[in-house]
Amino acid sequence: MENMEYIDDYFKGSPTDLQKQQFERRIINDNVFAEEVAFYISANRVVKEQLLMDKKQRFREIYEQHKVVPITKQPVKKIWRYMVAASVIAAVVLSTWFLLGENTSPQQLADRYIQQNFQTLSVTMGSKDSLQYILNLVNSGKLSEALTRLETLAQIDPSNKNATKYAGIVSLRLNQYDKALTYFSMLASDTSLYSNHGKFYEAVTLLKRNKTGDVEEAKKKLQEVVENEQEGKEEAIKWLKKLD
């Protein structure tokens with residue numbers, strides 16, 4: 001199942017036409033890979049079906065807790081009261097149902113951002129060929145090799161802030177959260193940069209790691225991003241509303 005991370009990234013990301021062609025070609029030419037893709041799709045279907053069953057069960061539980069027991073031969077006024085009460089309860093149940101369906105966890109916020117922004121990395125103008133080569137490794141799924149080269153590049157040339165930034169991003173994709181936080185913290189502390197996502201990326205990493213206290217710490221950093229009008233401000237405003 002060594003291809004599972006690649007398969008998961010493909011389905012959760014937004015693959016380019018070239019990536020789609022490469023993916024489809026592998027399915028055709030690699031039987032083992034084709035079986036793993038089939039397993040992934042099947043497993044995800046089972047998970048979604050289970051989540052749907054859990055939602056339906058929760059809906060039934062809420063309904064049973066709040067439903068009004070009908071009483072026969074009641075005066076018209078009392079029946080009217082019961083109808084009003086039933087309407088209120090129905091509204092509560094439906095509201096709860098929609099909240100359950102639309103709730104976004106801190107990790108889901110981070111996952112969505114990572115999938116949309118960190119799956120395919122592009123080099124800014126003026127970057128050296130060595131960095132372009134390393135990011136090609138990242139885009140090819142060779143994350144461990146890319147991280148080793150990025151860390152070497154960052155050590156050789158501390159002024160290369162792109163190497164520091166991408167080392168943090170690749171560390172995050174490899175779920176090496178402590179290392180990612182170290183690189184993003186270094187980036188955030190550099191006041192010489194005109195455009196600096198360091199603080200926002202720290203928040204993304206904390207939400208993704210989601211240890212005790214991480215969400216609160218992430219909210220503090222998001223608030224700092226907003227107050228200081230740093231890169232990621234618009235996203236930070238939206239997230240703070242969802243995390244309240």
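Has the stretch 208-219 got at least one residue that is among the hydrophobic types (A, V, I, L, M, F, W, C) and part of a helix (DSSP H, G or I)? Yes, the stretch 208-219 contains at least one residue that is among the hydrophobic types (A, V, I, L, M, F, W, C) and part of a helix (DSSP H, G or I).
Could you please give the count of residues in the stretch 177-202 that are assigned to a loop (DSSP other than H, G, I, E, B) and either in contact with a strand residue (DSSP E or B) (Cβ under 7 Å, 6 or more places away or on another chain) or touching a residue at least 24 places away in the same chain (Cβ under 8 Å) (or both)?
Initially, the stretch 177-202 is screened for residues assigned to a loop (DSSP other than H, G, I, E, B), giving 189-197.
Those left that are additionally either in contact with a strand residue (DSSP E or B) (Cβ under 7 Å, 6 or more places away or on another chain) or touching a residue at least 24 places away in the same chain (Cβ under 8 Å) (or both): 190, 193, 195-197.
Qualifying residue count, the stretch 177-202: 5.
Among the residues of the stretch 191-238 satisfying the criterion of being of a type in the set (S, T, N, Q), more than 22 Å from N175 (Cα to Cα) and loosely packed, with under 14 Cβ neighbours inside 10 Å, which is modelled with the highest pLDDT? By that ranking, first place goes to N228. If a residue must be more than 13 Å from L131 (Cβ to Cβ) and crowded, with 18+ Cβ neighbours inside 10 Å, how many such residues does the stretch 152-175 contain? The number of residues fulfilling the criteria is 4.
Take the conditions more than 20 Å from I114 (Cα to Cα) and in contact with a helix residue (DSSP H, G or I) (Cβ under 8 Å, 6 or more places away or on another chain) and apply them to S185. Does it pass? Let's see the steps before the verdict.
On the way: more than 20 Å from I114 (Cα to Cα): no; in contact with a helix residue (DSSP H, G or I) (Cβ under 8 Å, 6 or more places away or on another chain): yes.
Answer is no for this residue.
Is the stretch 211-219 home to any residue that is of a type in the set (S, T, N, Q) and within 14 Å of Y113 (Cβ to Cβ)?
no
The values are calculated or read from the model by the stated rules, or taken from the named source; none is laboratory data. Since this is a predicted model, take the numbers as computed values, not measurements. Backbone-built Cβ (ideal geometry, glycine too); neighbour counts: all protein chains shown.
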